[in-house]
Amino acid sequence: MVPFKKRRIQLHAASSGDGTIKYPQVVIFLLERKMGASRKSFLTQLGRGKGFLVEESFNQSVTHVVSENNSGDEARTWLNSQLSKQSGVEKNSTREEIHVLDISWYTESMRVGCPVDILDRHRLQVCPECGTELTEFSVPSYACQRCTPLMGHNSRLTDALSILADSAEFSENEGRSVAFRRAAAVLKFLPQPVTRLKQLHGLPCLGEHSLRVIKEILEEGVSLEVETTKHSKQYTVLKILTGIFGVGVKTADRWFREGIHTLSELRRSGHALNRAQQAGLQHYEDLNLPVTKTEAVIIGQIVKKAVNAVLEGAEITLIGGFRRGKQTGHDVDFLITHPEESREEGLMPKVVSWLESQGYLLYQKTTRNSYLEAKEGPGQPSSNMDRFERCFLIFRLPVDTDEGKVQMERLIGLPTQTENCTQTNMRTPVDGETETKTHPSVDASTQKRIPVLEPTQGSRDQPWRAVRVDLVVSPHSQFAFALLGWTGSKLFERDLRRWAKQEKAMSLSSHALYNSIQRTYLRASSEEEIFAHLGLEYIPPSERNA
């Protein structure tokens with residue numbers, strides 16, 4: 001960046017030039033992408049003041065394209081798109097006649113007042129192999145056939161398509177939303193960044209709309225449609241309103257059309273909210289903070305303590321995104337079962353009662369198990385929701401300073417810092433320090449059982465934060481199916497069911513797998529067995545992030 005004082009001197013020099021073009025054989029175009037309009041304007045005036053021919057727009061006479069903060073692949077992709085738009089121009093024959101250069105060539109030329117020799121360090125390098133592997137790479141059509149990591153190589157493309165998917169969902173256009181998510185899943189699977197649209201030729205799930213958005217981002221850096229959508233009033237408001245626990249798209253859209261655009265407007269509206277929505281609005285800030293893996297593990301220890309207190313031998317598994325390897329999430333899910341069939345019946349009310357008695361719950365809603373295999377058969381459910389006994393919770397997770405961590409350590413069975421002092425060189429408490437701290441909002445007898453964490457950003461200095469938690473109870477005979485169904489991702493599970501139906505004439509749910517031709521249920525005691533029944537290669541949870 002040019003210092004302000006020097007910039008003033010240079011601008012004066014540029015404006016005082018007589019306009020004579022000293023180097024007509026060098027026709028320069030400054031690529032505005034990532035450079036910015038104001039900087040391009042300054043550099044244009046500077047070049048013209050020193051006798052250089054700097055074009056405002058790209059045309060056939062340009063001999064030097066100068067770029068700042070772009071890779072060689074990005075600059076070449078943009079250049080090829082411009083050449084293809086020009087009628088009568090053969091892209092391949094013209095390509096080598098145009099120098100694609102880094103800004104360093106331009107600044108060095110400005111410094112000496114004439115075009116400097118083009119050295120290798122001035123040229124933006126293009127990987128000659130880029131795109132070859134992807135063009136030849138075969139992508140399976142179903143997400144359940146692909147090993148998809150948590151982080152892909154094309155996040156700017158997948159993020160853009162996800163915004164359009166959310167927007168379609170807000171418009172209750174499920175088909176369009178799923179189409180965008182399938183396209184994003186394909187891009188996330190690819191083993192290297194996409195730099196040219198031709199790399200995507202022949203790949204599945206990439207419709208015309210998705211390809212148009214991808215092409216615009218590759219060539220221009222952003223998609224006008226995505227940016228317009230992201231900053232639209234409807235999109236931003238529905239993002240806020242659907243972020244309220246208990247509020248779906250239909251309700252949020254109705255409120256939007258009534259002129260409710262903020263949480264404060266909703267509070268003043270006088271709308272009668274149900275219990276879930278009241279709790280969601282009350283704890284909105286906390287519930288929209290990411291939940292960390294550490295917090296999930298600590299909540300798991302509390303749930304385990306509750307379950308073991310009412311049913312010895314029960315098993316608790318952390319599921320959802322955390323099982324797939326995520327370090328943060330929007331909620332925490334646990335699957336509970338017991339090795340002895342039917343022992344899990346009636347467990348949920350007892351667990352909820354224990355958690356309530358210890359002061360952990362801010363909200364809870366329990367549903368009973370309504371799945372009866374013998375009577376109802378394998379019919380497709382009206383939605384993707386299973387019918388296990390479950391409880392939707394807003395969990396009260398205490399937070400505090402280091403003093404309170406002693407309680408958490410004791411709860412999960414770890415030696416406390418004080419207990420370790422005799423075995424290690426850890427410091428002992430100084431005079432005036434205490435091991436516990438009673439919060440005014442919690443009874444002292446209850447406080448001893450509550451673990452604590454460091455305050456989370458957004459917790460408003462209160463001694464706890466609200467966290468969304470789902471508890472699901474499964475019979476042991478259905479545990480493998482429940483584990484598979486509740487691990488996700490959503491698109492991975494959707495394509496598993498689609499594969500089962502379309503490719504294997506089977507019906508898959510989180511309860512069972514049914515062979516429609518043989519008219520028999522296929523039993524499984526593990527996820528591996530379910531994949532084998534479906535004729536699929538087993539994909540571990542960490543690679544189900546479609």
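Check Ser232 against each of (1) surrounded by 15 or more Cβ atoms within 10 Å (Cβ to Cβ); (2) more than 19 Å from the chain's Cα centre (by Cα) and name the one condition it does not meet.
(1)
Among residues belonging to the stretch 188-200 that are under 17 Å from Ser81 (Cα atoms) and assigned to a loop (DSSP other than H, G, I, E, B), point out the one that is modelled with the highest pLDDT.
Val194
Just checking, how many residues over the stretch 328-351 are surrounded by fewer than 20 Cβ atoms within 10 Å (Cβ to Cβ) and closer than 18 Å to Phe245 by Cβ?
Here is the first cut: in the stretch 328-351, the ones surrounded by fewer than 20 Cβ atoms within 10 Å (Cβ to Cβ) are 328-331, 339-343, 345-347, 349-350.
Add one more test, that the residue is closer than 18 Å to Phe245 by Cβ, and what stays is 328-331.
So the count comes out to 4.
Mind telling me which of the residues Leu491, Leu496, Leu513, Leu483 ends up being surrounded by 15 or more Cβ atoms within 10 Å (Cβ to Cβ), under 23 Å from the mean Cα position of the chain (by Cα) and over 26 Å from Pro204 (Cα atoms)? I'd like the intermediate steps shown before the answer.
Details: Leu491 fails: over 26 Å from Pro204 (Cα atoms); Leu496 fails: over 26 Å from Pro204 (Cα atoms); Leu513 fails: under 23 Å from the mean Cα position of the chain (by Cα).
The match here is Leu483.
Go through the stretch 297-320 and give me each residue that's in a loop (DSSP other than H, G, I, E, B) and buried (at least 16 other Cβ atoms within 10 Å of the Cβ). Show your work before the answer.
Let us first name the residues in the stretch 297-320 that are in a loop (DSSP other than H, G, I, E, B), namely 311-314.
Leu311, Ala314, listed by residue number.
Of all residues in the stretch 26-44, which are touching a Gly at 6+ places or on another chain (Cβ under 9 Å) and open to solvent by 10 Å² or more (accessible area, probe 1.4 Å)? Spell out how you get there, then give the answer.
Going residue by residue through the stretch 26-44, those that are touching a Gly at 6+ places or on another chain (Cβ under 9 Å) are 28, 30, 33-34.
Arg33, Lys34 - these are the residues of the stretch 26-44 that are touching a Gly at 6+ places or on another chain (Cβ under 9 Å) and open to solvent by 10 Å² or more (accessible area, probe 1.4 Å).
I need every pair where a residue in the stretch 175-187 that is closer than 10 Å to Leu157 by Cα and modelled with pLDDT of 95 or more has its Cβ under 8 Å from the Cβ of a residue that is part of a helix (DSSP H, G or I) and open to solvent by 10 Å² or more (accessible area, probe 1.4 Å), sequence separation at least 6 or different chains.
Cβ pairs passing all conditions: Ala184/Thr158; Ala184/Ser162; Leu187/Thr158.
For Cys205, which of the numbered conditions (1) under 19 Å from the mean Cα position of the chain (by Cα); (2) part of a loop (DSSP other than H, G, I, E, B) fails to hold?
Cys205 satisfies all of (1) under 19 Å from the mean Cα position of the chain (by Cα); (2) part of a loop (DSSP other than H, G, I, E, B) except (1).
If you go through the stretch 240-251 one residue at a time, how many are closer than 22 Å to Val467 by Cα and in a helix (DSSP H, G or I)? Walk me through how you get there before you give the answer.
So in the stretch 240-251, the residues closer than 22 Å to Val467 by Cα come out as 240-249.
The next check asks that each one be in a helix (DSSP H, G or I); those that pass are 240-241, 249.
Residues in the stretch 240-251 being closer than 22 Å to Val467 by Cα and in a helix (DSSP H, G or I): 3 in total.
Across the stretch 283-296, which residue is nearest to Ala252 (Cα to Cα) among those that are part of a helix (DSSP H, G or I) and either open to solvent by less than 40 Å² (accessible area, probe 1.4 Å) or out of contact with any strand residue (DSSP E or B) (no Cβ under 8 Å at 6 or more places or on another chain) (or both)?
Here the answer is Tyr284.
Which residues, taken from the stretch 252-282, are within 16 Å of Phe392 (Cβ to Cβ), part of a helix (DSSP H, G or I) and either of a type in the set (A, V, I, L, M, F, W, C) or open to solvent by 50 Å² or more (accessible area, probe 1.4 Å) (or both)?
Answer for the stretch 252-282, where residues must be within 16 Å of Phe392 (Cβ to Cβ), part of a helix (DSSP H, G or I) and either of a type in the set (A, V, I, L, M, F, W, C) or open to solvent by 50 Å² or more (accessible area, probe 1.4 Å) (or both): Arg275, Ala276, Gln278, Ala279, Leu281, Gln282.
For the stretch 188-209, how many residues are open to solvent by less than 20 Å² (accessible area, probe 1.4 Å) and either free of Cβ contacts under 8 Å to residues at least 40 places away in the same chain or under 23 Å from Leu79 (Cβ atoms) (or both)?
3
Please name all residue pairs, on different chains or six or more residues apart, with Cβ atoms under 9 Å, provided the first residue is in the stretch 138-160 and is within 20 Å of Lys326 (Cα to Cα) and basic (Lys, Arg) and the second residue is at pLDDT 95 or above and open to solvent by 60 Å² or more (accessible area, probe 1.4 Å).
Going by the 9 Å Cβ cut-off, the qualifying pairs are Arg146/Glu543.
Please return the ranges of helices (runs of 4 or more DSSP H) entirely within the stretch 50-151 where 3 or more residues are out of contact with any Asp or Glu (no Cβ under 6 Å at 6 or more places or on another chain), crowded, with 18+ Cβ neighbours inside 10 Å and modelled with pLDDT under 85. Give the derivation first.
Details: elements: 72-85, 91-95, 103-112, 132-136.
Correct list: 72-85.
The values are calculated or read from the model by the stated rules, or taken from the named source; none is laboratory data. Keep in mind it's a predicted model, so treat the numbers as computed, not measured. Here Cβ is always computed from backbone atoms with ideal geometry, including for glycine, and neighbour counts include all displayed protein chains. The area values use the complete protein model at the heavy-atom level, side chains included, leaving out ligands, DNA and RNA. Shrake-Rupley method; radii C 1.70, N 1.55, O 1.52, S 1.80 Å.
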